[in-house]
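Some notes on the structure that comes next.
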Amino acid sequence: MSELAPERFLPLPTRLLRFGLGLAVIVLLQQFVLPGINPYFARILILAEINVILAVSLNLINGFAGQFSLGHAGFMAIGGYVSAAFAVSAGPAVLAVLGASPEAPGPAPSFIVLCLGLILGALVAAITGLLIGIPTLRLKGDYLAIATLGFGEIIRVVIQNTEAVGGARGFINIPTYAGFFAVTLFMVLTLAVHWNLVHSRHGRALLAVREDEIAAEAMGVPTTRYKVLAFSIGAAFAGVGGSLFAHYNGGLHPNTFTFLKSIEVVIMVVLGGMGSITGSILAALLLTAMPELLRPIKEYRMVIYSLLLIVLMITRPQGIFGLGEFDPARLLWWRRARGAR
């Protein structure tokens, strides 16, 4: 029983020290490395980091909770539009309180407005995920996928017909407050939250639901509660990804958030391995860069892209890492190693 006990967490000063060192590394990269990178490659890197946030958050739903959602683009759209609307409408007032000018707000005030917008976008996306998850998560398999796909399209159509956020024309003139520092910081925070969640008591409950929902229910795990929890957290972080995309891109259009965007994120999760955070990171980086690498042969790049995916899924259907760092054997080894230290 001792081997199955929860792992011991690092003391708070050590965790704060690690966070401070990580923050310092991001700042150094922002100041000394990023200026020397071609802007085209820097843009690809930032978009890849946003895709990492989306893939890891969807992996919590599809990979760890064992559900199958196809509505992630809808939650991304909610986060992006809510955050952008906040920055455009309330942002100047917040900057005035902070003593900054909207034309040149400075790094700190603009980061505060960005954080407020991200929190609001994530909160609205989480509430929407909760409202959608309560009725739909009673479904299973293909029925759940179709229901979430339908809700994702409903969200997009509602946005498309809302003139307050640009409607079908799109939302333009969004303040570009998100750069490499902000995107990298929130990507790291996303990874840290998901890593600690799946290694906690709640994470083990999610894995139990994924492996056998009936057995988990028989052992006293409130399966519906945990499925809704995973759905809401995944939706919240999809909202974070959408908010960062809005404030980096400077504009939003409803056609960006079609079901094809949800399929793209699902492919990242499946390619990396259902239940593998490491696999989701690598797959998001790979699938963001691959279309750009194949751009010189644009006539054939989509054919090559599709064939590579088909070959990989035939030769390794469990994804790059399969269950990866969270399969039972590796979990047991990891806990023994931590106990030994």
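The values are calculated or read from the model by the stated rules, or taken from the named source; none is laboratory data. Quick caveat, the model's predicted, so the values are computed rather than measured. Positions of Cβ are generated from backbone atoms using ideal geometry, with glycine treated the same way; all protein chains shown enter the neighbour counts. These area figures cover heavy atoms from the full protein model, side chains too; ligands, DNA and RNA do not enter into them. Shrake-Rupley method; radii C 1.70, N 1.55, O 1.52, S 1.80 Å.
Of all the residues that make up the stretch 107-129, how many are in contact with a Ser or Thr (Cβ under 9 Å, 6 or more places away or on another chain), open to solvent by 30 Å² or more (accessible area, probe 1.4 Å) and within 12 Å of Y177 (Cα to Cα)?
1
Testing I159 on (1) hydrophobic (A, V, I, L, M, F, W, C); (2) out of contact with any helix residue (DSSP H, G or I) (no Cβ under 6 Å at 6 or more places or on another chain); (3) within 17 Å of F257 (Cβ to Cβ), one condition comes back false. Which one is that?
If we test I159 against (1) hydrophobic (A, V, I, L, M, F, W, C); (2) out of contact with any helix residue (DSSP H, G or I) (no Cβ under 6 Å at 6 or more places or on another chain); (3) within 17 Å of F257 (Cβ to Cβ), just (2) comes out false.
Being modelled with pLDDT of 90 or more, over 13 Å from the mean Cα position of the chain (by Cα), of a type outside the set (A, V, I, L, M) and part of a helix (DSSP H, G or I): is that true of S83 here?
When the stated conditions are applied, S83 passes them.
I'd like to check something: does the stretch 53-64 contain any residue that is open to solvent by less than 40 Å² (accessible area, probe 1.4 Å), aromatic (F, W, Y) and within 16 Å of L229 (Cβ to Cβ)?
yes
Just name the residue that is surrounded by the most Cβ atoms within 10 Å (Cβ to Cβ) out of those in the stretch 144-201 that are hydrophobic (A, V, I, L, M, F, W, C) and touching a His at 6+ places or on another chain (Cβ under 7 Å).
It comes out as A178.
Among the listed residues S280, S276, identify the single one that is within 23 Å of V193 (Cβ to Cβ), open to solvent by less than 20 Å² (accessible area, probe 1.4 Å) and out of contact with any Asp or Glu (no Cβ under 7 Å at 6 or more places or on another chain).
S280
Can you list residue pairs whose Cβ atoms sit under 9 Å apart, with the first residue in the stretch 295-306 being open to solvent by 100 Å² or more (accessible area, probe 1.4 Å) and the second being at pLDDT below 70 and in a helix (DSSP H, G or I)? Count only pairs 6 or more apart in sequence or on different chains.
Short answer, once both residue conditions are applied: R295/R301.
In this structure, is A289 at pLDDT below 90, in a helix (DSSP H, G or I) and either closer than 29 Å to I112 by Cβ or of a type in the set (A, V, I, L, M, F, W, C) (or both)?
Here the answer is yes, as A289 does meet what is asked.
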